[in-house]
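Taking it in order: structure first as structure tokens, then the write-up.
The values are calculated or read from the model by the stated rules, or taken from the named source; none is laboratory data. Everything numeric in this text was worked out from a predicted model, so none of it was measured. All Cβ positions, even for glycine, are placed from backbone atoms using ideal geometry, and neighbour counts span all protein chains on display. Note: areas computed on protein heavy atoms with side chains; ligands, DNA, RNA excluded. Shrake-Rupley method; radii C 1.70, N 1.55, O 1.52, S 1.80 Å.
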Amino acid sequence: MPLSMHSITIPVFTRQLTNLSTLLGIAAANAEARKIEQSVLLGSRLAPDMFPLSRQVQIACDTVKSGVALLAGVEVPSHADDETSFAELQARIAKTLEFVQGISAAQLDGSEDRTVTLKRRDKETHFQGLAFLQDHVLPNLYFHITTTYAILRHNGVELGKRDFLGTR
């Protein structure tokens with residue numbers, strides 16, 4: 001099958017968010033077994049100026065849904081950032097996956113040449129679609145999933161590389 005914007009986005013995002021959900025499931029079971037309040041892990045961070053675990057998951061989801069929406073030329077769904085448990089974060093991942101998997105190949109294919117405008121608080125950045133995916137969306141997604149993994153490992157959750165990769 002030839003590469004297309006759909007084939008290099010939706011399957012990758014689906015796998016990575018599914019892996020992230022699995023990590024959260026392992027973390028929830030670990031917290032229960034160790035009698036640790038979920039809020040302790042969800043509020044953990046690697047450094048004082050970094051976002052906590054819960055925000056890392058929210059941003060991973062936001063990165064995927066915004067990236068797909070901008071590439072497909074559709075409205076970005078809005079989700080409140082109010083999750084306070086692993087189950088709620090997994091529900092957010094599920095909502096994100098439902099949105100992403102509802103985007104058709106016809107909506108994404110050809111977007112590699114589409115101009116995408118990323119609006120931030122203080123500026124707008126313009127990308128061509130493929131560069132947006134490669135230089136912004138994918139690195140951000142992997143950063144926030146990796147940070148989630150690192151926070152969990154740092155807090156004693158028994159995870160390995162295979163858990164991160166989804167090949168356990």
With the other protein chains left in place, how much accessible area per residue, in square angstrom, belongs to segment 3-163 at a 1.4 angstrom probe?
51 Å²
Helix 10-34 versus the longest principal axis of the chain: what angle, 0 to 90°, nearest 10, using Cα atoms?
10 degrees
Cα-projected label distance for residue 122 with residue 85, points at 7 Å along beta-carbon direction, nm
3.9 nm
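What ranking of 109, 122 comes out by heavy-atom accessible area, probe 1.4 Å, highest first?
These residues rank, largest area first, as 122, 109.
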Report, to the nearest whole %, how much of the accessible area of the chain belongs to carbon and sulfur atoms, 1.4 Å probe, protein only.
53 percent
By a straight-distance test (C-alpha under 20 Å), which aspartates and glutamates pair with residue 119 as possible cross-link partners, with residues fewer than eight away in the same chain excluded?
62, 75, 81, 135
Partners for residue 35 among lysines (Cα-Cα distance below 26 Å; same-chain residues under 8 apart left out):
161
Share of Cα-Cα pairs in segment 84-168 beyond 17 Å, in percent?
67 percent
Say each of residue 161 and residue 47 gets a label point 7 Å from the Cα, pointing the same way as Cα to Cβ; how far apart are those two points in nm?
2.4 nm
Classify segment 47-101: rounded, prolate or oblate, from the alpha-carbon gyration tensor (a ≥ b ≥ c, eigenvalue square roots; a/c under 1.5 rounded; otherwise prolate if a/b is larger than b/c)?
oblate
